[in-house]
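Okay, structure first, notes after.
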Amino acid sequence: MQRFQVSVPAQPSKCEIVIGRGILSAAGREIRRRLGPRAQRLALISNKKVFKLYGAPVVESLEAGRFQVSHWLMGDGERYKSLKTAETALQFFSEHGIERTDAVVSLGGGVTGDLAGFAASIYLRGVAFVQIPTTLVAQIDASIGGKVGVNLSSGKNRAGAFHQPGIVIADLETLNSLPARELTAGWCECIKQGATAGRKLFQQTTAYLSNTTGKQVAITSQLENLIAAHAAFKASIVSSDMREDPERNDPRSRRILNFGHTVGHALEELTDYRRFRHGEAVGWGMLVAGELSKNLGLLDQSELESLQAGIRLCGQLPAARDIGTDAILSAVRRDKKSARGQVQWVLLERIGKPRIVSGEEIDVTSLKTSIRDALKQRN
Ligand SMILES: NC(=O)c1ccc[n+]([C@@H]2O[C@H](COP(=O)([O-])OP(=O)(O)OC[C@H]3O[C@@H](n4cnc5c(N)ncnc54)[C@H](O)[C@@H]3O)[C@@H](O)[C@H]2O)c1
Ligand SMILES: [Zn+2]
C-alpha cells in the first residue's frame with residue numbers, strides 16, 4: 001500500500017491519497033481516521049453497475065468504521081453529470097440528515113466523482129468529501145486535484161468548484177472489472193502524464209504496458225508503483241497551481257495537463273461525444289500535438305516515434321481519419337481553453353518537456369498538415 005499527502009495551498013488541511021490492492025475493506029477505518037470522531041453519517045454516491053460490483057464490501061467497511069451510511073445511485077454516463085442530477089443528490093443529502101460535520105463519498109469513475117464532489121462543495125456551503133475511484137482515469141487523474149463540476153448544455157465542465165477530497169482511496173483490484181476501452185482511455189491519459197512529466201514516468205508507463213496483454217490489467221506491485229507515480233505527479237502539479245492560473249505558461253503549470261486535449265476535445269465534439277471515450281480522443285490529440293511539435297522544429301523524429309509507440313501500447317483507438325481537417329480547426333478555435341482569443345497549444349520539446357505555444361505563433365499550413373498526417377495513421 002502506498003500513501004502520501006497533497007498539500008493544498010490556501011487550505012489548512014491536506015488531501016491524503018492511499019493506493020493499494022484489496023484496500024476497499026479498509027475504507028471505513030481510513031475515513032474515520034481522516035474525518036475524526038464527530039462525523040456520523042456518510043452519503044455514498046455511486047451508480048448501479050459499480051455499486052453492484054463493489055457496493056457491499058464498501059458499505060460493510062464504512063459501517064465497521066461506525067458510520068451511518070445511506071447510498072444513492074445516479075445514472076451511468078456523462079449526460080448524468082448535470083445540474084439536475086446534482087439537485088437530486090442535494091435533496092438526498094437533506095432527506096438523509098447529512099450535517100455540516102458529515103461527508104459525501106464517491107464510489108465510481110470520474111463522472112460520479114465530479115458530480116458527487118460538486119454536490120458536496122455546495123451542500124451546506126461545503127461538506128467533507130471522499131473519493132473511492134474505480135476507473136483508471138479516476139485513479140490517476142480525476143480523483144486528484146479538487147476540480148469538481150457538472151456539464152451545461154453549452155459545454156463540458158462549465159459549472160464547478162475547487163473542492164479537495166479529504167482522502168482518496170484507490171483500490172487497484174477494482175480495475176479488474178473495467179472494460180477494455182475504459183482501460184485504453186486511461187492508459188492514454190497515463191501516456192499524457194508521462195509525456196509531460198518526464199522521461200522516467202513515460203518509460204515506467206510503457207514498460208508496464210509492454211508487459212501486459214493489452215485488454216487485461218495485471219494487478220501487480222509494478223502497477224501499484226505506476227499508479228502511485230502518476231497520482232503523485234498529478235498531485236505535484238496541482239499543489240503548485242491549484243486553480244490553473246491563466247497567466248502561467250511554464251512547464252509545471254496545470255495547463256500542461258491539457259496535452260492532447262485541444263484536438264481531443266474537438267474530435268469528441270465533432271462526433272457528438274459518441275464515438276470516442278475521452279481518453280481515446282486524447283490519444284489522437286497527442287498524435288496531432290506530437291506531429292505539430294515535429295513540424296515546428298521543436299521535437300525530434302525519434303522522440304515523436306517514442307510518443308507514437310507509447311500511444312499504440314494503450315490499445316486500438318476508434319478511427320478518426322474521416323473527420324475533416326477544417327472542421328477540426330474550427331472546433332479547436334471554439335475551445336474554452338483559449339486565452340485572449342488564442343488557442344494555447346501544449347506541445348513537446350522532448351518526451352517529458354512540454355512547452356505552451358500560443359496559436360498565433362503557429363501557421364495554418366503546419367497545423368493542417370499535422371492534423372492530416374496524424375489522423376491518417378493506423379493506430
Ligand atoms: N476532475 C478532474 O480533474 C477530472 C479529470 C479527468 C476527467 N474528469 C472527468 O471524469 C469523467 C470521465 O471519467 P471516467 O473515464 O472514469 O468515466 P466514467 O465515470 O463514465 O466511467 C466509465 C465507465 O466505467 C464504469 N465503471 C466504473 N468503474 C468500474 C469498474 N471498476 N468496473 C467496471 N466498470 C466500471 C462506469 O459505470 C462507466 O460506465 C469525465 O466526466 C471527465 O470530465 C475529471
Ligand atoms: Zn483528459
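Using a cut-off of 23 Å between alpha-carbon atoms, which lysines can reach LYS81, once sequence neighbours fewer than 8 places away in the same chain are excluded? Of all the lysines, those that pass the test against LYS81 - Cα under 23 Å, at least 8 places apart if same chain - are LYS48, LYS49, LYS52, LYS147, LYS156, LYS234, LYS336, LYS337.
Considering only beta bridges that DSSP places wholly inside the chain, some 45 percent are antiparallel.
Straight-line reach from LYS376: which aspartates and glutamates have a Cα under 18 Å away, not including same-chain ones fewer than 8 places off? By straight Cα distance, LYS376 reaches GLU268, GLU280, GLU291, GLU305, ASP322, ASP326.
Taking the beta-carbon count within 10 Å as an exposure proxy, list ARG79, ARG372 from fewest neighbours to most.
Values: ARG79 12, ARG372 15.
Least to most surrounded, the residues fall as ARG79, ARG372.
Gain on full extension, evaluated as 0.36 nm per residue between SER236 and GLN40 minus their Cα-Cα distance, stands at 67.4 nm. Here the label points at ALA180 and ARG32, each 7 Å from Cα along the C-beta direction, are separated by 4.3 nm in the simple model. Taking amide H positions as modeled 1.01 Å from N, with prolines and chain starts lacking one, the residues under 5 Å from ASN157 and 5 or more places away or on another chain are ASN151, LEU152.
Please identify the GluC sites (Glu not before Pro) of the stretch 63-122 that satisfy two criteria: DSSP loop assignment and at most 14 other Cβ atoms within 10 Å. Which are they?
Numbers: sites: GLU63, GLU78, GLU87, GLU95, GLU99; in loops: GLU99.
Those that pass, being in a loop and sparsely packed, are GLU99.
Short-range pairs are left out: with C-alpha atoms under 8 Å and at least six residues apart, the relative contact order of the chain is 15 percent. One Cα centroid belongs to the stretch 27-53, the other to the stretch 68-97; the line between them spans 15 Å. Oblate is the label for the stretch 274-379, because the ratio a/c of its alpha-carbon gyration tensor axes (a ≥ b ≥ c) is 1.5 or higher and a/b is not greater than b/c.
Order by neighbour count: TRP284, TRP72, fewest other Cβ atoms within 10 Å first, most last. Could the numbers behind the result be given before it?
Details: TRP284 30, TRP72 20.
Ordered from fewest to most neighbouring Cβ atoms within 10 Å, TRP284, TRP72 come out as TRP72, TRP284.
Couplings 3J(HN,Hα) of the stretch 50-65, computed from phi: 6, 5, 5, 6, 10, x, 4, x, 5, 4, 4, 5, 5, 5, 5, x Hz, in residue order, whole Hz [Karplus 6.51 cos²θ - 1.76 cosθ + 1.60, θ = phi - 60°; x for Gly and Pro].
Centre-to-centre, using Cα atoms only, the stretch 128-178 and the stretch 231-266 are separated by 16 Å.
Every number in this text was worked out from the coordinates using simple rules, so none of it is lab data. Predicted model, so just to flag it, every value in this text is computed and none were measured. Methodologically, a virtual Cβ is constructed for each residue, glycine included, from the backbone with ideal geometry; neighbour enumeration extends over all protein chains shown.
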